[in-house]
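In what follows, a structure is listed as structure tokens, so that the remarks can point back to it.
Each reported figure results from applying straightforward, stated rules to the coordinates on display, with no laboratory input. Given the structure is predicted, the values throughout are model-derived calculations rather than measurements. Here the Cβ positions follow ideal geometry from the backbone for every residue, glycine too, while neighbour counts run over all protein chains shown.
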Amino acid sequence: MSTSALAYNPAALVLGKLYHIEGVVDYNSAWSGVALGAAVVDSSTSRVGAGIAFRGFLSGDTGVAGIDGRAGLAFPLSEQVSIGVGGRYLNLTYDNKTPAGRETELELVDGFTMDASLRVAPIPSLQIEAMAVNFIDLDSAYAPVMLGGSIAYTAASIVTIGFDTLFDISTFDSTGVLLGGGVEFLAANIVPLRIGYAYDTIRNLHTLSGGVGYTDRSVGFDLSIQQLLSREKDTRVMGAFRYYVH
């Protein structure tokens, strides 16, 4: 829901009946770079959920830089079903230094693409989604065309467990499968504790992540770490601060 839905599942933008303003910082040790961003999501002022987000990538040691902008809309067909669509503009470049000391700029990805998803909730505690990610093919591994789905179940409003499967149909000659799962426990109704795991079958990459946060009716913040287990230096640290408008 909220800003996470804007990034991954636009149909869920209708959930929560909230107005969020969020700032995000993302540090990636693999390229010693930082991404700064902000997002606004509104699921309270009308039946239609909407959001917009922007991130700027600051060049690190590997010279990766660029921007990532998103906008999304969600339409509730009923209390149990909603559909969503998102637009995305992504531009990433890589400044490569030649042995002679010259710098050349390599374009990693540049263009507009879209996401779409369908959310079904047969009972309030169970959410099922089907999604198409980056379905306008930009011919880049940085924005792969993916199809898949996810399922999440919440027990007693404090424990949520979810699983997802995505099929990468554009990056390789054969379809790659990405499997993931995670658990969130909301301690004392204000402290979310999270752990997650993902496996990329075609690259044989295992990723472990964890996070902790705080949320009340006015503000929230999150701190997360993600470690690619097969690469010692590939660590991401992400932080977010969120303000709830009532």
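Things worth noting here:
- Helix-only mean residue ellipticity at 222 nm for the chain, each DSSP H run of n ≥ 4 adding -39500 (n - 2.57), per residue, nearest 500: -500 deg cm²/dmol
- Radius of gyration and Dmax over the Cα atoms of the chain, both given in Å: 18.3, 63
- Normalised contact order of the chain, rounded percent, pairs of Cα under 8 Å and 6 or more residues apart: 14 percent
- Additional length obtainable on full extension of the chain from ASP234 to ILE202, 0.36 nm per residue less Cα span: 9.7 nm
- Listed residue (SER224, LEU92, GLY176) projecting farthest to the positive dipole end of the chain, Cβ model: SER224
- Full extension of the chain segment joining LEU58 with TYR89 gains 9.5 nm, where the gain is 0.36 nm per residue of separation less the Cα-Cα distance.
- Between ILE67 and ILE158, the FRET efficiency from the beta-carbon distance, with R0 = 30 Å, is close to 0.20.
- Dipole moment magnitude, nearest 20 debye, the range 22-85 about Cα centre, only Lys, Arg, Asp, Glu C-beta charged: 140 debye
- Those trypsin sites (Lys or Arg not before Pro) in the range 91-189 that DSSP places in a loop and that have at most 10 other beta carbons within 10 Å: ARG102
- Basic side chains Lys and Arg get +1 at the Cβ, acidic Asp and Glu get -1 at the Cβ, and with that the dipole of the range 2-244 about its Cα centre reaches some 600 debye.
- Charge-dipole axis of the chain as Lys and Arg at +1 and Asp and Glu at -1 on Cβ define it, positive-most pick from PHE135, GLY63, SER43: SER43
- In this label model, PHE75 and PHE241 are separated by 3.8 nm, measuring between points 7 Å along each Cα→Cβ vector.
- Extended-chain gain in nm, criterion 0.36 nm per residue less alpha-carbon gap, ILE225 and THR165: 19.5 nm
- Ranking VAL120, PRO144, SER157 by Cα position along the charge dipole of the range 81-182, where only Lys, Arg, Asp and Glu carry charges on their C-beta atoms, puts SER157 farthest toward the positive end.
- Note on TYR142 and VAL212: their simple-model spin labels are 3.4 nm apart, each label 7 Å out from Cα toward Cβ.
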